[in-house]
Amino acid sequence: MSTLIKNGTIVTATDQYPGDVLVEGEKITVIGSSLTMPADKIIDAKGKFVLPGGIDVHTHMDMPFGGTTSADDFESGTIAAAFGGTTTIVDFAIQYKGQTLHHAWETWMKKAEGKAAIDYGFHMIITELTDQVEIEMDALVKQGVTSFKLFMAYPGVFMLDDGSIFKAMRRTGKNGGTICMHAENGGVIDVLVKEALANRQTAPKYHALTRPARAEGEATHRAIALAEIADVPVYIVHLSAAEALEMVTEARDRGLPAFAETCPQYLFLSYDNYEEPGFEGSKYVMSPPLRQKSTQDRLWRGLAFNDLQAIATDHCPFCLKEKHLGDGDFSKIPNGAPGVETRMSLVYDGGVRTGKITMNRFVELTSTSPAKIFGMFPKKGTVAPGSDADIVIFDPEKKTTLSAKTHHMKVDYNPYEGREVTGVTEIVLSRGKVIIEGGKFTGKAGSGSFLKRSPRFM
Ligand code: URP
Ligand code: ZN
Ligand code: ZN
């Protein structure tokens, strides 16, 4: 199967130029102007951007959490991702206490196999570190699971103590992997949560009020300090607070391999959403929580000046029925919100069109830079001969209104309900196959492949 994409504007992290792209089999084979070679399918991309497929390195499909399971499995979640212009996800496998990492990896592979419609990789969440687990970490890196997520929050569930964090970091420093960190001070938060509940402060907004920005700043500082001693790259996931961003900026200024992502919810939503009437605030219960609106400008500046290197989604949707598990006790509201489908349009509309970031930076933040940090580049993350033909034809002028009525995520609300955005994914190719066209999914569940990612020492 060959496809010739003609007359578009090709955008990578560094270039923007008119050109044609020939796709043969699963790969991009030729880029040039006025290409005339025969092809099975011709796509006219006049007036459209031709982008590398979006890469979302932070999703939670089919994830057990807070007494329930996230609403999207690997089929519905990856199809929704594709509608939004994302062609690769990196999800999180979870090692529960007493389990091996291998068991966790196999469990998550089974969740994805035969279901994922786009390519997928895994980070491994470690919740218990033993000598055996350390040995397994090396094996996993060789098998292409080259990053480990550790938690400084959720005591008794996910949280590791500093000693275990340090040991896991040191091992990862040696085996070529990367540490992803959930940086919030779980001990402090636990005290504040218990106090709030004792004072009958039970509404959703207390989720935010018991997770101060400084608790994120403190943990981010500690994560970076521990990583510096352990000599390992550290990637702060879902960074939301200016206090945390300052720590990453300071570390990067000192030349440390410290990286961070933020997510659209922290760029477009704010603490004010928790003040919505009734139980509406539960839609935004996630960790870290939404911050004051004034933080948004700080995050955009961080994105523009490379203090933040990626925009991922932390897609972890729960239906409203599930959110109601926290009726009368905000600490029982499952943490997480949907976003895998809306990332590209939101960031293009709110970032590129407003002049906060350039078009090249948009591509870098949503595709190229995460591909590089997590060992997928140049197979993924750019439009170049030899790269996988994961391509998005993006209409920069088309408008759409975000809504639960029209989105493809299997969740009954949209945090951006009614928001009009300009800039829409029109056609998506996943390894050479057209999987989104004419507003329809034309791919196949199960056609996504496990992505063996490279370690740092390649
Ligand atoms: O609230 C969130 N972020 N839920 C997903 C789990 C995590 O910590 O990423
Ligand atoms: Zn987290
Ligand atoms: Zn997450």
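The values are calculated or read from the model by the stated rules, or taken from the named source; none is laboratory data. Everything numeric in this text was worked out from a predicted model, so none of it was measured. Note that each Cβ is placed from the backbone with ideal geometry, even for glycine, and that neighbours are counted across all protein chains shown. Note: areas computed on protein heavy atoms with side chains; ligands, DNA, RNA excluded. Shrake-Rupley method; radii C 1.70, N 1.55, O 1.52, S 1.80 Å.
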Taking the inverse of the average 1/r across all pairs of different Cα atoms in the stretch 88-148, what Kirkwood radius in Å do you get? 11.7
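Per DSSP H run of n ≥ 4, the term is -39500 (n - 2.57); total these for the chain, divide by its residue number, and report the mean residue ellipticity at 222 nm rounded to 500 deg cm²/dmol. List each step's numbers first, then the result.
Details: 14 runs with 130 residues, N = 458.
Rounded to the nearest 500, the figure is -8000 deg cm²/dmol.
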Along the charge dipole of the stretch 54-373, Cβ charges K/R +1 and D/E -1, which of His182, Val141, Met124 sits furthest on the positive end? His182
Taking a crude spin-label model, label points 7 Å out from Cα along the C-beta direction, the Leu325 to Gln143 distance in nm is 2.8
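Mean Kyte-Doolittle of at least -0.5 plus a Cα span of 27 Å or more along the axis: flag which DSSP H helices in the chain meet both, please.
Numbers: long enough: none.
Membrane-span-like by this rule: not one helix.
Carbon and sulfur: what percent of the chain's accessible surface (1.4 Å probe)? Intermediate values should be presented prior to the final figure.
Numbers: 8630 of 16560 Å².
Using a 1.4 Å probe with all protein chains present, the chain comes out at 52 percent carbon and sulfur.
Taking a temperature of 25 °C and a viscosity of 0.890 mPa s, what whole-number D in µm²/s does Stokes-Einstein yield for the stretch 53-180 with Rh from Kirkwood over alpha carbon pairs?
Numbers: Rh = 15.0 Å.
After rounding, the answer is 163 µm²/s.
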Compute for the stretch 258-402: radius of gyration divided by Kirkwood radius, i.e. Rg/Rh, restricted to C-alpha atoms, rounded to two decimals. 1.01
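What Kirkwood hydrodynamic radius, in Å, does the chain give when the mean of 1/r is taken over all pairs of distinct Cα atoms and then inverted? Mind showing how you got there, number by number?
Numbers: mean 1/r = 0.0455 Å⁻¹.
Kirkwood hydrodynamic radius for the chain: 22.0 Å.
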In Å², rounded to a whole number, the accessible area per residue of the stretch 35-141 with probe 1.4 Å is 32
Find the Rg to Rh ratio for the stretch 258-328, where Rh is the Kirkwood radius over alpha-carbon pairs and Rg uses the same atoms. 1.03
If you wrap a convex hull around the alpha carbons of the stretch 397-458, what volume per residue comes out, as a whole number of Å³? 172
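In the stretch 369-430, how does Rg compare with the Kirkwood Rh, expressed as the Rg/Rh ratio over alpha carbon atoms?
Working: Rg = 15.2 Å, Rh = 13.9 Å.
Across the stretch 369-430, the Cα-based Rg/Rh ratio is 1.09.
Given the chain, what percent of its DSSP beta bridges are antiparallel, to the nearest 5?
Details: 33 of 70 bridges.
Percentage antiparallel, nearest 5: 45.
Given Cβ point charges of +1 (Lys, Arg) and -1 (Asp, Glu) and nothing else, what value in debye, to the nearest 20, does the dipole of the chain about its Cα centre take? Write out the running numbers ahead of the final one.
On the way: 50 positive and 56 negative charges, 100 e Å.
The calculation lands at about 480 debye.
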Using only the Cα atoms of the stretch 1-91, each taken as one equal point scatterer with no solvent, compute I(q) by the Debye sum, divide by I(0), and report log10 of the ratio at q = 0.21 Å⁻¹. -1.01
So what are the radius of gyration and Dmax for the Cα set of the stretch 151-294, in Å? 15.9, 51
Of the trypsin sites (Lys or Arg not before Pro) in the stretch 85-151, which ones lie in a loop per DSSP and count no more than 11 other C-beta atoms within 10 Å? Lys97
